[in-house]
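For reference, the structure is listed below as C-alpha cells.
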Amino acid sequence: MRQFRLAQTGEGIKECELVQWFVQEGDEVEEFGRVCEVQSDKATIEISSPYAGVVRKLHHKPGDVVQVGDVLADIHTGGDEEAPAAAASSGAAAAAGGHAPRQAGGAAAPSFAAAGVQYSSSGDEQAWEGKVLTSPAVRHLAKQYGINLSQVPATGPGGRVLKGDVLAYIEGMGGAATAGAAGASGVGGPSAAAAEQAAAAAAPSAAAAGEESMEPVVVQLRGYRKAMVRHMTASAAIPHFHFCEEAAGLALRDWPFLNASLSADQGSVACHRHVNIGVAMATPHGLVVPNIKHVQSKTVLEIAAELVRLQDAAAANHLSQADISGGTFTISNIGTIGGTYATPLVNPPEVAIMAVGRVQRLPRFAEDGFTVVPSSIMSMSLGADHRVVDGAALAGFASTWRQYVESPGRLLLHLR
C-alpha cells in the first residue's frame, strides 16, 4: 500500500484546494495517470499518480484545502485479491448512492444539499461549483457561509469571483447565508469564529449596537497574503513618472520660490501654498499642459488616476478651462519619446519647469570605488525665470527631489 501525498506545486505554496477527483475508490490507475485537480493561489494543476495500482481510499473530498505533504489517496500496488474487494466495495457504494463523497474515515459524507452545494452527474466530484473562476480562499469563504458561488455576481476580470463579491453577497442576504450554513445538517458548517466573521461582514458590529466586545478578532492570514501580492502587483504597474510628480510636490514645499507665479504686471511674485503640477502632453490637437491640483496632498494612486483622466480628456480635446489653468509648476516627461536632457522653457506665469528623461541602464562605480555595477539612471533638467529663482535654489530643489526619488521610504513618511 502506497500513500500518495500532495507534493510542492510551486515556490511558497503551502496548501491547495482539491477541485475534483478523476478516479474513485476501487478504480485502477496507471503510473503517471491523472488522479485529481488542485488549485493553488497561482494556478490550477492536474496531479498524476507516481504509482500504478488500485485506489483504495480517497482522504479528501472536492472543496477541501489540503496542506502540502498531506495524504491524498492510498494506492494498492500489489495487484492481489484486495483489488477485487475494493472494486466490490466501490460498486456497492455506487449502487447505494452514486458518487457520494467520502470522509477521511471512509464513511459517506453528509449531504451538502442544505448548504446549496450541487454535484455534477458526470461522475467527477464537483463540489462548490468547481468550474466557477475564483481562488481557493474565496471558495473556502463561500463554503463556510453556505454560498453557491454560481449565484454570486462576479466583478473580477474574465468573470472571476472576488472575495469582495462574496462579502457583498452575504451583506445583501442580510446574514441569511450564515444562518443557513449553520443550520445545515452535518456539513461541517462555519465554526464559531467563522460565524463571528460573517456577522461582522453582514451586520452592524457589537460596538455599533452599543455593546463592547473584548474578544479578539481572528483574521485568516491566508487572505492577507493574497491581498499583499495583489497590492504589490498593482504598485509595480505604476509608472515611475508618478513618483517623480509626488516627489516634486514634496520638494516644492521646501523650495517655495519655485512654486510661484509672476503677477500680470511682473511687479510681484505669488508663492502658492498649494502645488498644481502641469504635465506637458503632445496630442493630435497640439501641445497642452493640464495640471493636477493639490499634488502635495494626493497619494501616488490618486495622482495616477487624475493623470489618466487628463490624458483621456486631452486626447479627445475635451479639457476644461479649469484643467489647463491655475498651474504653479510644470513637468515635461521627455523620456516617453526617448529624450534624456533638454532645455525646458518656463510656462508663464510660472517661474520654473522640470524635464525628466528616460531611465537608462549605465555602468557606475559601487560604494567601494572600484567595482563597476549596472545602475538605473534617470536625468533631470531644470529651467527657471532668473528674475525670481537663482541657480542655487534650482540646485537645492534638484537635490531634495533626488533624495525623495532615490529613497521611496522617505517619500512615504512625508505623505499626508
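One chain, two ends: HIS240 and GLN403. Fully extended at 0.36 nm per residue, the span grows by 57.2 nm beyond their Cα-Cα distance. With every protein chain in place and a 1.4 angstrom probe, the accessible-area ranking of SER135, SER297, largest first, reads SER297, SER135. The 1.4 Å probe gives accessible areas that order PHE243, PHE397, PHE257, PHE32, largest first, as PHE32, PHE257, PHE243, PHE397. Only one residue of PRO374, PRO284, ALA313 has its Cα farthest out toward the positive end of the dipole of the range 282-416, where Lys and Arg carry +1 and Asp and Glu -1 on Cβ, and that residue is PRO374.
Counting heavy atoms of the protein chains alone, ARG34 has an accessible area of about 130 Å² for a 1.4 Å probe. Shown is the FRET efficiency for ALA7 and SER150, computed with R0 = 22 Å from the Cβ-Cβ distance and rounded to the nearest 0.05: 0.10. Taking every protein chain into account, the 1.4 Å probe leaves HIS318 with about 140 Å² of accessible area, to the nearest ten.
Compute the FRET efficiency between ALA322 and ALA392 as 1/(1 + (r/R0)^6), taking r as their Cβ-Cβ distance and R0 = 35 Å, and round to the nearest 0.05.
On the way: r = 35 Å, r/R0 = 0.99.
My answer for the efficiency is 0.50.
LYS14 sits with roughly 140 Å² accessible to a 1.4 Å probe, with DNA, RNA and ligands left out of the calculation.
Placing +1 on each Lys and Arg Cβ and -1 on each Asp and Glu Cβ, with no other charges, gives the range 255-412 a dipole about its Cα centre of roughly 180 debye. Ranked by solvent-accessible area (1.4 Å probe, protein heavy atoms only, all chains present), the residues VAL132, VAL161 order from largest to smallest as VAL132, VAL161.
The values are calculated or read from the model by the stated rules, or taken from the named source; none is laboratory data. Owing to the predicted nature of the structure, the values given are computational and were not obtained by experimental measurement. Glycine also receives a Cβ, built like all others from the backbone with ideal geometry; neighbour counts cover every protein chain displayed. Ligands, DNA and RNA are stripped out before the accessible areas are found, and what is left, the full protein with its side chains, is counted by its heavy atoms. Shrake-Rupley method; radii C 1.70, N 1.55, O 1.52, S 1.80 Å.
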